[in-house]
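Enquirer: Okay, here's the structure, questions in a sec.
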Amino acid sequence: MLAHGAAGLGSLIAGSDGSATLLAGEDLSVLPWYVDIGWIIGELVELKWQLGGDPVAWQAHIDALCEGYGRDPGADWQWLAVLRIMLHVHDIAAYLDEPVDSFHQYADFLRFLIGLRGAVT
């Protein structure tokens, strides 16, 4: 199955009426369907972790994304989010001069997400 491959929040254009359009297509790859949606959920989860805010509102964003996509990745969404966030950590380590403390914070957050497996239904 074809997946967008690089779908992300940077490719999402929000409409003033609450609608959104995902610009994708140039990075097609052969992957299961849930990788695309999981990738974007990973970005939303990471933003929520960094910015805080009302968890219910963030969950509403994830629910709307799944509804708009027409499929739900199920209880294993954490694994997809972890993969996305790990790639982001790699990019930070490879291209930025970040303090070690930020990596410890990411490691704690990733352990938390991995620990959710089986706890979320």
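Every read-out reported here was derived from the displayed coordinates using simple, explicitly stated rules and does not represent laboratory data. The shown structure was predicted, so the numbers you read here are calculated from the model rather than taken from an experiment. When we count neighbours, we look across all protein chains shown, and the Cβ atoms used for this are built from the backbone with ideal geometry, even at glycine.
Enquirer: For the chain, what are Rg and Dmax over the alpha carbons, in angstrom?
Expert: When restricted to Cα atoms, the chain yields Rg and Dmax of 14.7, 42 Å.
Enquirer: Further, regarding this structure: How many angstrom lie between the Cα centre of the stretch 42-73 and the Cα centre of the stretch 1-40?
Expert: Cα centres, the stretch 42-73 to the stretch 1-40: 14 Å.
Enquirer: For the chain, set up a GNM with springs between Cα atoms under 10 Å and report which of Leu83, Leu44, Leu96 has the largest fluctuation.
Expert: Fluctuation is largest for Leu96.
Enquirer: List Met1, Met86 from most exposed to least, where exposure is judged by having the fewest other Cβ atoms within 10 Å.
Expert: Exposure proxy ranking, most exposed first: Met1, Met86.
Enquirer: Within a 10 angstrom radius of the beta carbon, how do His4, His61 rank from fewest other beta carbons to most?
Expert: Details: His4 21, His61 15.
Ascending number of Cβ neighbours within 10 Å: His61, His4.
Enquirer: Continuing with this model, one more query. For the Cα atoms of the chain, what angle does the longest principal axis make with the long axis of helix 33-51, in degrees from 0 to 90, nearest 10?
Expert: 50 degrees
Enquirer: Same structure again: Could you give the angle, 0 to 90 degrees to the nearest 10, between helix 55-69's Cα long axis and the longest principal axis of the Cα atoms of the chain?
Expert: So the helix axis and the longest Cα principal axis differ by about 40 degrees.
Enquirer: A further question follows. Using a 10 Å cut-off on Cβ atoms, rank the peptides 31-43, 70-82 from the highest mean neighbour count down.
Expert: Ranking, from highest mean packing down: 31-43, 70-82.
Enquirer: Which one of Gly8, Val56, Gly18 is farthest out on the positive end of the charge dipole of the chain, using unit charges on Cβ (Lys, Arg +1; Asp, Glu -1) and the Cα centre as origin?
Expert: Value: Val56.
Enquirer: For helix 100-115, report the angle its Cα long axis makes with the longest principal axis of the Cα atoms of the chain; keep it between 0 and 90° and round to the nearest 10°.
Expert: For 100-115 against the chain, the angle is about 60 degrees.
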